[in-house]
Each structure stands twice: as C-alpha cells, then as structure tokens.
Amino acid sequence: MSAFDLALANLLSPMVLFFALGLSAALARSDLTIPESIAKFLALYLMMAIGFKGGAAVAKSGVDLRLVGVLLAGMAISALIPLIGFALLRLTTRLSVVDAAAVAAHYGSISIVTFVAATQALTSLGITYEGYLIAVAAVMETPAILTALLLVRRARPDSGHHEGREGLGALLREIGLNGSVVMLTGSFLIGMITGERGLKAVSPFVNDLFFGMICLFLLDMGLVAGRGMREGLKSLSWSAIAFGLYMPLISALIAFMLCFALGLSLGGTALMITLAASASYIAVPAAMRLALPEAKPSIYLTLSLGVTFPFNLTLGIPLYVWLAGRVV
Amino acid sequence: MQTYLKKRIAIVIEQPALNRVLDALDRLAVTGYTVYPVIAGRGREGSWRADAMVSDAGRMVSVVCVCDPAKVDSVVEPIYKIVARQVGIITISDCEVIRPDHF
C-alpha cells in the first residue's frame, strides 16, 4: 500500500472522523461535552485494555533478550529526544529555558492514545505487532522528564527545584505513581500473570467494546484539542507551532534508524516509531506542574495536544507505518 | 447560641499538588480539612474548565480547614512553602464555630 493509500484509509477511519467531529464541535463553540468522570473512565479503560492485552501477548510469546533490548532502546529514545527538542526550541523560538525544557519533556515521553490509534490502524491493515511494545510505552513515559529536569538544572544551577535529594525522591515517587503509569503497568502485569485464560475471561470488555470506546475517547480528545487550539494557539509563535509539526518527524527518524538494529516486525517497528514521534499530554503535564511549575501549560499542552496529536493521528500514523515498511 | 471565633484557611491549588498539601496538613496542627472539587475559573494564567482537561494537570481543587487564630501562622507558612511556585490562592478569613474544642 502506498503512503497516500495508507493516509486516506486512516483519515476515513471512524477513530479519526470522531476526533474530527470533536475538534470541529469545539472550534464552532458547540456545547457538546463529555462529563469529566466519563472522560476519566474512558482513559482508565483504555489503559486497562491495552495493558492487559499486551501482558497476555507477552505471556503467550514469552520474555526474551529482544524484549530487554527494545525496552532499553525505548528508554534511550525517551531520554535523548528532549535534548534535541530543547536545543531546537532554544535555537528557533524565544521560549525560556524552563518552557523549552517542559516542552522537550513532552516530546520525549509518549502518548498512549496515539499508540492505541496506531495499533488499531495496524489491525485494520491486518498487520500484527509484538505485544510487549505496551511495556516499552510504559518505560518511555518518564526518562524524558528526568532529562528535562537535568536540562533546567544545567542551564540554571541556582534554580533549586527539588530542595535536595529527598525532594527529588518524592518527585520520582509521584511521577512513578501517576495514575496512568500505575494502571498501564498494573494491567500489563495482570495480563502477563493470567495469560490466555485471563484474556478469555475479560475479552468481551477489553476486546469487543474496545473500538467503540476509543471512538468515544477520541471524540473527547477532539473537543479538548479544539478548545486548546481556540484558546492556546494565540499564545504560540509560528516557530513554536512549526516545532510541534517537525519534531515528531525528527523523533520518528531517530526511532527509524534505531529500528534497523532492533529486529522488530513491521507492526512493531511502526509502533516504535509512533511511540517516539508522539508527545505526552497526561503523565508529563502532571509531572511538570510539580517539577517545573514556572513552565506555562498553555505552551506545552497546546503544542502536544493541539498541534502534534492531531498531526500524528491524521498524517503521522500512516507515514510511520509506511516508514516501517522501509525498515522491515 | 454561643459561637467561638476561629480562622478559615481556604487553599485553591492545582490537582497535582494536592497530595503534598494534604500530607503537610496531616503533619501540622490542624484537626481536619475538607477537599472540594472546583469546576472552572480564570486567573493570571488564563481560564480553565475541569471538563476541558485530558489530565489532572490543569485541574484545580479547593482545600478548606478551620483552626484556632493562634495557629494560623504555623499552618499557613509551611503550606505556602509548598504552593508558592504553583498556580493557586490562599485566603484566610474569620469564621465562627459552635464546638471550639474540635478545631
């Protein structure tokens, strides 16, 4: 399939169309909203379903050295991307050190919804992937946050952000115990322990309902992204908006080069590239509010949710699947 | 009815910092507190709505505690150290209670 065919199939999928519906409704100032508690439920459901299925897949395939190698590669990508992102932001925009580091952290970390959307795109194309990539997604959440903190400390040694070792320890504990990380990792472990038997028991919930739930979640994401665009884009410079579009491509190229050595399947390579190219908007913003509260959420959330997420969902994912085909 | 003068400390704080504030209050000389959800607002950093957020990062919560006027400084100072760099508001006002030994 050509890159154009992949893009067209993706753009006309129910997921992307529901996202577009939410986005248009928010931009047109419709009163359509998903209640906060339902949105939270959808996010938890998504983490549980994807984590459980990933764990069950690992139980079936077994743990091998490649899994360890891919986990380490994922952590390295997450730690490295903020360095490049930070340098580019400082060169091309007028963002302060703290804002640039906070934005860079978002691009080193991952978006689980983009990952899920990519798995659905692969499933619709009949492409399989390694179940353990969900574990890779989980370990890629946090290294970027630490890189961003180091960047700020290096640029501003007097910033004293954590009041010593105890403060940093407390921060790491809070990041590690973030609800989304706990749900994803916990469901993965439960899936791994219970395996095929467990998956069969919860299959109607985590499989049959999955696609409809994602569509509803993406409707909400569209609403949130649309509101963010309406209110946040005004505060962003063109160079910052451009960063939200070219940074995923740079990250994708880094993962693309690394994937030559990892020996992943076509689907696995596409997901690894997608993970690298995605930007966080759940775990990292919460961590940034604690670690770098001076950084402006209107910049990092608008960029990751209002610029990069729509780009990845519509054009990025088909591009990454096409790119994966050049490796495998 | 006989009432007694106390101080009401209201802290509007970002959701991610809530546990830090509650942990501090647990250690301090307050006998209790109440956490309220808040729906929407506007401040120096712009406007926000709880249902327009995809994570807890932009959400706010309100924590209210009542204490003896003599204890106000010993409560507010450590709390302010925690929230000084965050988005939020701390207000202190007079209030009256019926059971003074509870605060």
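The values are calculated or read from the model by the stated rules, or taken from the named source; none is laboratory data. Everything quoted here is computed from the prediction, not taken from an experiment. Using ideal geometry, Cβ is built from the backbone for each residue, glycine included, and neighbour counts are taken over all protein chains shown.
A few comments on the model shown:
- Residue within segment B:18-32 that is surrounded by 15 or more Cβ atoms within 10 Å (Cβ to Cβ), more than 22 Å from B:Lys71 (Cβ to Cβ), within 15 Å of the chain's Cα centre (by Cα) and within 14 Å of chain A (Cβ to nearest Cβ) present: no
- Only one entry in A:Ala39, A:Ala102, A:Ala76, A:Ala43 is over 25 Å from B:Arg49 (Cα atoms) and small (Gly, Ala, Ser), namely A:Ala76.
- Only listed residue being closer than 18 Å to A:Leu292 by Cβ and among the polar types (S, T, N, Q), chosen from A:Ser124, A:Ser61, A:Ser78: A:Ser78
- Screening B:Asp94, B:Asp101 for residues that are more than 14 Å from every other protein chain (Cβ to nearest Cβ), touching a residue at least 40 places away in the same chain (Cβ under 8 Å) and out of contact with any helix residue (DSSP H, G or I) (no Cβ under 7 Å at 6 or more places or on another chain) leaves exactly one candidate, B:Asp94.
- Count of segment B:62-81 residues which are among the hydrophobic types (A, V, I, L, M, F, W, C), in a helix (DSSP H, G or I), touching a residue at least 24 places away in the same chain (Cβ under 8 Å) and surrounded by fewer than 17 Cβ atoms within 10 Å (Cβ to Cβ): 1
- Out of A:Phe52, A:Phe19, one residue alone is touching a residue at least 40 places away in the same chain (Cβ under 8 Å) and more than 13 Å from B:Val54 (Cβ to Cβ). It is A:Phe52.
- Scan of segment B:23-44 for residues that are among the aromatic types (Phe, Trp, Tyr) and either in contact with a His (Cβ under 9 Å, 6 or more places away or on another chain) or not in a loop (DSSP other than H, G, I, E, B) (or both), ordered by number: B:Tyr36
- Some residue of segment A:282-301 being among the β-branched types (Val, Ile, Thr) and in contact with a His (Cβ under 7 Å, 6 or more places away or on another chain): yes
- For segment A:268-297, a residue qualifies if it is part of a helix (DSSP H, G or I), within 14 Å of the chain's Cα centre (by Cα), facing chain B (nearest Cβ under 9 Å) and not hydrophobic (A, V, I, L, M, F, W, C), and exactly one does: A:Pro285.
- Unique match (being among the basic types (Lys, Arg), touching a residue at least 24 places away in the same chain (Cβ under 8 Å) and assigned to a helix (DSSP H, G or I)) among B:Arg8, B:Arg20: B:Arg20
- Residue in segment A:269-289 that is among the polar types (S, T, N, Q), touching a Cys at 6+ places or on another chain (Cβ under 9 Å) and either buried (at least 24 other Cβ atoms within 10 Å of the Cβ) or farther than 20 Å from A:Val181 by Cβ (or both) present: yes
Yes or no, residue by residue, for (1) within 13 Å of another protein chain (Cβ to nearest Cβ); (2) touching a Lys or Arg at 6+ places or on another chain (Cβ under 6 Å):
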position: B:Pro16; (1), (2): yes, yes
position: B:Pro37; (1), (2): yes, no
position: B:Ala40; (1), (2): yes, yes
position: B:Ser47; (1), (2): yes, no
position: B:Ser62; (1), (2): no, no
position: B:Val83; (1), (2): yes, no
position: B:Gly88; (1), (2): yes, no
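- Selection of helices (runs of 4 or more DSSP H) fully inside segment A:80-162 by the criterion of at least 1 residues being without any contact (Cβ under 8 Å) to a residue 60 or more places away in the chain and over 30 Å from A:Cys215 (Cβ atoms) returns A:97-108, A:143-155.
- The sole residue among A:Leu199, A:Leu184, A:Leu171, A:Leu189 that is within 14 Å of chain B (Cβ to nearest Cβ) and modelled with pLDDT of 80 or more is A:Leu184.
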